[in-house]
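A.B. asks: Next up is a structure, given as structure tokens.
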Amino acid sequence: MGNDRSIRCFLCRCHGEISRVIDLDEVARALKSHPGVRSLDVRNSLCLEEDMDVLASRVEDPDATGLVLGACSLYARGDRIRTALEEKGISPDTVEVVDIREGCSWIHHGQPREATTKAIDLLRMGVALQRHRENPDEVMVDPVREVFVLGAGPAGISAAASLVRLGVRVHLLDRAKSPGGLLNLVKRIAPEDVTSDEYLSQKQQTIFASNGGVSHYPGAKLISAHGSAGDFTISFSSGKTEHAIRVGAVIVATGAKILMPDGLYRHGNLEGVLTGIELERRFKAGQLEGNRVVFIQCVGVRDRKRPYCSAICCIVSLKQACQVLDVDPQAEVFVLHRDIMCPGSVLEKYYRDAMARGVRFLRYEQDRPPVVLGDENVDSVEVYDALTSEMRRIKADLVVLSTPLAPHDDAGRIAELFGLNRDEHGFYEVRTLMHPLETKREGVFVCGSARWPVLGRSAVLQGEAAAMKAYELISRGTLAASRLSTYRERKFSLARVDHEACTGCGNCVAVCPYDACSLEKKEGALKSTVNLIRCSGCGSCVSVCPNGSIQLPGHSAMAIGEMLKAVCEQGS
Amino acid sequence: MTDRTEDSGNIQVVLEGAGRKIVVFACTWCALIGADGAGKKRISLPATFRVIPVECISRVEADAVIRAFTSGIDGVAVMGCHLGGCRHNGANLRSARKLELLKPLLDTVGIDSRRLFTSYGTAHEYHQFAQAIESFCSQIGEMPPVSAWSRSFVRAMSARGENE
Amino acid sequence: MTKDSKVQLPVLVAGGGVAGISAALDLARAGKTVHLIERKASLGGQVASLDKLYPTDHCAFCPLWTEIRSCVLHKNIVLHTLTEIRTVEEIDGSLEVRLAQSPRYIDASRCILCGRCVPKCPVSAISSGPEHAYPQTYVIDPQACTRCGDCVDICPTAAIDITGELSQSTILAGEIIWATGFQDVDISPLEDYGYGTHPNILTSLEFEELTAESGVNKGAILTRNGAKPKRIAFIQCAGARDLRLFPYCSAVCCMHALKQAQWVKRRSPEIECTIFYTDLRAEGRHYYTYYLREIGSGAIELLRSRPGLIYTLPDGSGIAVTYEDTSTQKRLIRVYDMVVLNGALKPSLTSGQPDLAGLTDEEGLMKGSYSRMYPCGFCREPMDVEASVVQASAASLEVFLGGSSHGK
């Protein structure tokens, strides 16, 4: 218990910003006699170098002393006081900056008496918190300098190639027999206009010339995944053998599947109605017949059933339209669309170029989709032109249905194995906008079309970015669990279970947003156990524990109780 | 945008209900930043509230709220991130639901559930923080203190009440 | 293979917006020393000027501010604010970068935010600085300041020094990540948009500032003259996808307009909003869901048309927007109280360096790869926050890879 920790208080006048409103003499009197307070000083500006030295010099034994500073808010100067003290060897955990400026003197400038009372309360609360603070448990983690990459499409290959060049050993697992993912199905890649072999060849060479730097397991099947950032254990089967590997980080690059039109626009019933991939097959085989081609966009997507935009289909159709023109410059090519999604400079230019080459665009409305006409073969497409409000009939030899990407059927299973969340469409969820590849599980990154449909160029970029994030995690050597994160320098506090008191009810397991709590057998009974690497110190578990056996040592129920008491001590 | 910040407008002294005490659990990622902003703007606020910073409002257990009332506090505000904008994978959502469940419970023991105030998302909107605090403080100021009966009742109810 | 030739030189990151901040943090966390150069007084870039972000609808400030705080407190990151890059020269396989730092006048490490200098200043040259700056300090406008010294005398911590002058320095860097972002463009040369002829014909960033929750009106939707508008028009692709100005699509404006229109509706449902668009590009992650949520209700009118002419009505009663109703091919006129022009964003490059000019393509965007220089974010290609952050990480990776043999 930390009750015997002696507290040294410092009050900051802030050159009058605090002392002008708050009667610091009265505050000092009230605090000096407060239990646990060993000394109290009033200074002019605790945040400036001159006072900082005094402050540090009063702390003889940093482990046994708590500092309570009555100063400004953490976000004003408090942060820097704590950082500066840390440089002088005083752990930020032992420094409580109590905000009596932004949170008191500045907002109660018309009420000096009340502000003084409040300042006393706030400082007593700070003292209570420091007195009842306990040092959190810590584990040291030495991340395994190997990375698991799941999926050998453009995202996975670029991640693997990048990591191996950084000297990191990579395990590249893929369900397919040969690497390349969806790119293998197409003849040329947009907007770069190269063949799929050319597109990834350099990266593939890097991988396969890496002298064992990359272990590639084609046609493999994932069995299980355990562990947390820095040390995951993954087992899978490849051929007849089962493998179990240890890695420091995981990159999920499983991609997406191409949706089949499911009878839409008479696909399957009418000769000449193709999907984009079926058209690619014809390109690859060099057998394209007919020179009147109509592309229909948003097939089976941006509708009630799949209310999302798959982002890549417009560019794919533009590419295919141009390829038709490559084969026959006299071809008549129409793209029936609902919006052409070509954001940015490169894609917009791609769109302009297609227009310049003679591809014609026609906008249709969602509730008046085109109708494909013909008896055995496609004859024409009837469409309501949303821009001119006219019905048009376009003669066609081929109708190409541009279908979206959708999550793989086993996306749910992989999500479960790696603790990923999925969005309403089934794609993997990531953290905030500023952390677009990180998932709720530290050390697991998602890139490529598994998180959202992307073109090859974005998949490659995301693969590289994911490689960077993985490298950040595993390249730093041994780290305390509280610092093992790619999105912040330090976690707040890590939860601790009193195993004697724990009844094994499992409430904490159910609520933990990081899957850090689990029930394990301890001396014959199930007890909650906290994975300190996963724990982020939010305190969700604390609030659902029926008997207080799980606590944040830095912010225990007892500390909060004492703070509440401190509020009520005066004037009641 | 050059403002001189001395928000000289509403300097008002809240005298009625001055003895009441209000505790505000503020999430460090959002509400606390709003509080900081209100301070920087020197917005004049009633002096009856005390802020307890928490990493996430999901840390605030029903018991902490109940203990606040048993300890002699008259109003509890829990202020976190925008629902859906939590730094801890949506932990605040669960917490929000839990606190809603607590409200009818408070009513049944004679603690007006309006004494438990929840608000989500004020980081960048310091004036919203100020408004929320101001209206909550004045609301509590208009109410009588929590009755001794209710306080003792919830004390008995609280599992961890006074047994340290 | 990492090429750790000779000494480990620091990496220079040019630009402190979302891309620059992310790159700096990535590099610093992986062990590099980083010099982060920002032209303005504080980090944050354009996103700091946004009120809300799509598709989350949460404050732009909070996710960004957290990263800024990490950046400022990170021991591997050296921050240079108010600093411009003057020249870059490749010498012996490293880059010699000349920097010019404008004086801050107020020492951030000593300013306690007391604000006593503000009323002392006879010419109102001191302000509290941007709301979201971290660390926050007061700021002196060097143009307005008369160097009278009154503020120096009143400052309790001796934080003010008005004798400061532009200081030059040189940094030897191993690599540079360019993340200089974008800026708003004056589109008054395109006269048909009427920009500059009426105070309520605004660019979208001006509109954002005017209606921001933390702005002058605390989130209330008011015109420049403080009146409540009845109708607002959002004009998409104004100056973008337009061969007269920017041929490219600025990538962020469709969602940005949707977001603004929906916040207008949320705060003042009685205001009518129309978005004039070319293609509604809601292709990003969760963008279409956002689009459906806001458009599905029918509260915001979407008009697929590119307005021809925007002008102020002679009696001053409003702003006329002429457009073609494509279904009838008729030219129509609608009158609005506010017109928000969306689209003309240009890559912001470090100004006035002739020797850097070769780095851009014909559209003014930075080209893909140079030796030891890696552009990312909007200055390379128009893109949203998420894509910028991804590209920043990829650029950081290239620093570790030693660049060269990398693809596109």
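Nothing in this text is a laboratory measurement; each read-out follows from the coordinates by a stated rule. Keep in mind the model is a prediction, meaning the values are calculated, not measured. When we count neighbours, we look across all protein chains shown, and the Cβ atoms used for this are built from the backbone with ideal geometry, even at glycine.
A.B. asks: The stretch A:41-194: D in µm²/s via Stokes-Einstein (Kirkwood Rh, Cα pairs, 20 °C, 1.002 mPa s)? The partial results should precede the final answer.
C.D. replies: Numbers: Rh = 20.6 Å.
D, rounded to a whole number, is 104 µm²/s.
A.B. asks: While we're on this one: Could you pull out which residues in the stretch B:91-121 have an amide N less than 17 Å from a spot 7 Å beyond the Cα of B:SER147, following the Cα-Cβ vector?
C.D. replies: Of the residues in the stretch B:91-121, B:105-115 have backbone N under 17 Å from the label point off B:SER147.
A.B. asks: With θ set to phi - 60° and the Karplus curve 6.51 cos²θ - 1.76 cosθ + 1.60, what are the ³J(HN,Hα) couplings of the stretch A:358-366 in order, to the nearest whole Hz, using x for Gly and Pro?
C.D. replies: Those phi angles translate into x, 5, 9, 10, 9, 8, 10, 9, 4 Hz.
A.B. asks: OK, next. Using 19 Å as the cut-off for backbone N distance, which residues of the stretch C:98-122 belong to the label zone defined by a point 7 Å from the Cα of C:SER167 along Cα→Cβ?
C.D. replies: So the set is C:98-112.
A.B. asks: Nearest 10 degrees, 0 to 90: what angle lies between the long axis of helix C:385-401 and the longest principal axis of chain C (Cα atoms)?
C.D. replies: Helix C:385-401 sits at roughly 30 degrees to that axis.
A.B. asks: Given the C-alpha atoms of the protein assembly as shown, compute the convex hull and give its volume per residue in Å³.
C.D. replies: In the protein assembly as shown, the Cα hull volume divided by residue count equals 186 Å³.
A.B. asks: Okay, moving on. What is the set of long-range amide H partners of A:TYR308 at a cut-off below 5 Å, with H atoms built 1.01 Å from backbone N?
C.D. replies: A:ARG302, A:ASP303
A.B. asks: Tell me which aspartates and glutamates have Cα within less than 18 Å of A:LYS522's Cα, excluding those fewer than 8 residues away on the same chain?
C.D. replies: Output for A:LYS522: A:ASP498, A:GLU500.
A.B. asks: Sequence neighbours fewer than 8 away in the same chain don't count; with that in mind, list the aspartates and glutamates whose C-alpha is under 18 Å from A:LYS187.
C.D. replies: Here the aspartates and glutamates satisfying the reach criterion relative to A:LYS187 are A:ASP197, A:GLU198, A:GLU278, A:GLU280, A:GLU289, A:ASP326, A:ASP328.
A.B. asks: Please find the FRET efficiency linking C:GLN143 to C:ALA227, where r is the Cβ-Cβ separation and R0 is fixed at 35 Å, and quote it to the nearest 0.05.
C.D. replies: For R0 = 35 Å, the calculated efficiency reads 0.65.
A.B. asks: Let me ask something else. Can you give the relative contact order of the stretch A:66-179 as a percent, counting alpha carbon pairs under 8 Å and 6+ residues apart?
C.D. replies: Numbers: 118 pairs, mean separation 24.1, N = 114.
About 21 percent, as a whole number.
A.B. asks: Next up: Can you compute the label reach from C:ASP153? Point 7 Å from Cα along the Cβ direction, backbone N cut-off under 14 Å, restricted to the stretch C:110-128.
C.D. replies: Only C:117, C:120-122 fall inside the zone, counting backbone N under 14 Å.
A.B. asks: Output the 0 to 90 degree angle, nearest 10, between the alpha-carbon long axis of helix C:253-267 and the longest principal axis computed from the alpha carbons of chain C.
C.D. replies: Between helix and principal axis, roughly 70 degrees.
A.B. asks: If I take all pairs of Cα atoms in chain C, what percentage of them are more than 35 Å from each other? Numbers along the way, then the final one.
C.D. replies: Details: 28703 of 83028 pairs.
Cα-Cα pairs of chain C separated by over 35 Å account for 35 percent.
A.B. asks: Which angle from 0 to 90°, rounded to the nearest 10, does the C-alpha axis of helix A:196-208 make with the longest principal axis of chain A?
C.D. replies: Approximately 50 degrees, to the nearest 10.
A.B. asks: To continue, here is another question. Which one, A:PRO307, A:ILE234, A:HIS267, projects farthest toward the positive side of the charge dipole computed for the stretch A:214-341 from Cβ point charges (K/R +1, D/E -1)?
C.D. replies: Positive-most Cα among the choices belongs to A:ILE234.
A.B. asks: Only Lys, Arg, Asp and Glu count, each charged at its Cβ (+1, +1, -1, -1), so figure out the dipole size of the stretch A:31-130 about its Cα centre, rounded to 20 debye. Walk me through the numbers on the way to the answer.
C.D. replies: Values: 12 positive and 17 negative charges, 95 e Å.
So the magnitude is around 460 debye.
A.B. asks: Another question, then. For chain A, what relative contact order do you get, as a whole percent, if you take Cα pairs closer than 8 Å and at least 6 residues apart?
C.D. replies: After rounding, I find 15 percent.
A.B. asks: Applying the Karplus parametrisation 6.51 cos²θ - 1.76 cosθ + 1.60 with θ = phi - 60° to the phi angles of the stretch B:93-104, what ³J(HN,Hα) value in whole Hz is obtained for each residue in order, glycine and proline being reported as x?
C.D. replies: Here the 3J(HN,Hα) series is 4, 4, 4, 4, 5, 5, 5, 4, 5, 6, 4, x Hz.
A.B. asks: Moving on to the next point. Mind listing the phi-derived Karplus ³J(HN,Hα) values for the stretch A:176-188, rounded to whole Hz, using 6.51, -1.76 and 1.60 with θ = phi - 60°, and x for any glycine or proline?
C.D. replies: So the Karplus estimates, Gly and Pro as x, are 7, 6, 10, x, x, x, 5, 4, 5, 7, 10, 7, 10 Hz.
A.B. asks: Specify the longest stretch of chain A that does not include any exposed loop site, a site being one of the trypsin sites (Lys or Arg not before Pro) with a non-H, G, I, E, B DSSP assignment and at most 11 other Cβ atoms within 10 Å.
C.D. replies: Details: sites that count: A:LYS177, A:LYS240, A:ARG304, A:LYS305.
Result for the longest clean stretch: A:306-572.
A.B. asks: Cut-off is 10 Å between beta-carbons; in what order do B:CYS27, B:CYS56, A:CYS322 appear when sorted fewest neighbours first?
C.D. replies: Lowest count first: A:CYS322, B:CYS56, B:CYS27.
A.B. asks: Pairs of alpha-carbon atoms within less than 8 angstrom and 6+ residues apart define the contacts here; what relative contact order does the stretch B:22-155 have, in percent?
C.D. replies: This gives 37 percent for the stretch B:22-155.
A.B. asks: While we're on this one: Dipole magnitude of the stretch A:260-405 about its Cα centre, charges +1 at Lys/Arg Cβ and -1 at Asp/Glu Cβ only, in debye to the nearest 20?
C.D. replies: My answer is approximately 480 debye.
A.B. asks: Between B:MET157 and A:ARG413, what's the calculated FRET efficiency when r is the beta-carbon distance and R0 is 41 Å? Round to 0.05.
C.D. replies: Values: r = 45 Å, r/R0 = 1.09.
Efficiency for this residue pair is about 0.40.
A.B. asks: Moving on to the next point. So what's the gap between the Cα centers of the stretch A:407-464 and the stretch C:286-332, to the nearest angstrom?
C.D. replies: After rounding, the separation between the Cα centres reads 36 Å.
A.B. asks: Which listed residue (A:PHE361, A:PRO343, A:VAL371) has the Cα farthest towards the positive end of the charge dipole for the stretch A:338-397, taking +1 on Lys and Arg C-beta and -1 on Asp and Glu C-beta about the Cα centre?
C.D. replies: Among A:PHE361, A:PRO343, A:VAL371, the one farthest towards the positive end of the dipole of the stretch A:338-397 is A:PRO343.
A.B. asks: So how do C:VAL389, A:VAL497 line up by other beta-carbon neighbours within 10 Å, fewest first?
C.D. replies: The most exposed by this proxy come first: A:VAL497, C:VAL389.
A.B. asks: Can you compute the FRET efficiency between A:LYS240 and A:LEU185 using 1/(1 + (r/R0)^6), with r the Cβ-Cβ distance and R0 = 25 Å? Round to the nearest 0.05.
C.D. replies: 0.35
A.B. asks: Something else about it: Ignoring GluC sites (Glu not before Pro) that are buried or in helix or strand per DSSP, and keeping those with at most 16 other beta carbon atoms within 10 Å, what is the longest stretch of chain C between them?
C.D. replies: Here the longest run is C:1-164.
A.B. asks: Treat the count of other C-beta atoms within 10 Å as a stand-in for reagent exposure and order C:THR163, A:THR439, C:THR87 from fewest to most.
C.D. replies: Placing the least packed residue first, the sequence is C:THR163, C:THR87, A:THR439.
A.B. asks: Name the long-range amide H neighbours of A:ARG43: under 5 Å, sequence gap of 5 or more, or other chain; modelled H, no Pro or chain starts.
C.D. replies: A:LEU11, A:CYS12, A:ARG13
A.B. asks: Amide H to amide H, which residues 5 or more places from A:THR403 or on other chains are under 5 Å from it, using H placed in the peptide plane?
C.D. replies: Excluding prolines and chain starts, which carry no amide H, the hits are A:GLY276.
A.B. asks: Further question: Along the charge dipole of chain A, pointing to its positive end and built from +1/-1 on Cβ of Lys, Arg, Asp and Glu, which listed residue (A:ALA495, A:GLY554, A:LEU69) has its Cα farthest out?
C.D. replies: Sorting the options by dipole projection puts first A:ALA495.
A.B. asks: Compute, for the protein assembly as shown, the length of the dipole vector about the Cα centre, with Cβ point charges of +1 (Lys, Arg) and -1 (Asp, Glu) only. Units Debye, rounded to 20.
C.D. replies: Here the size comes out at about 1320 debye.
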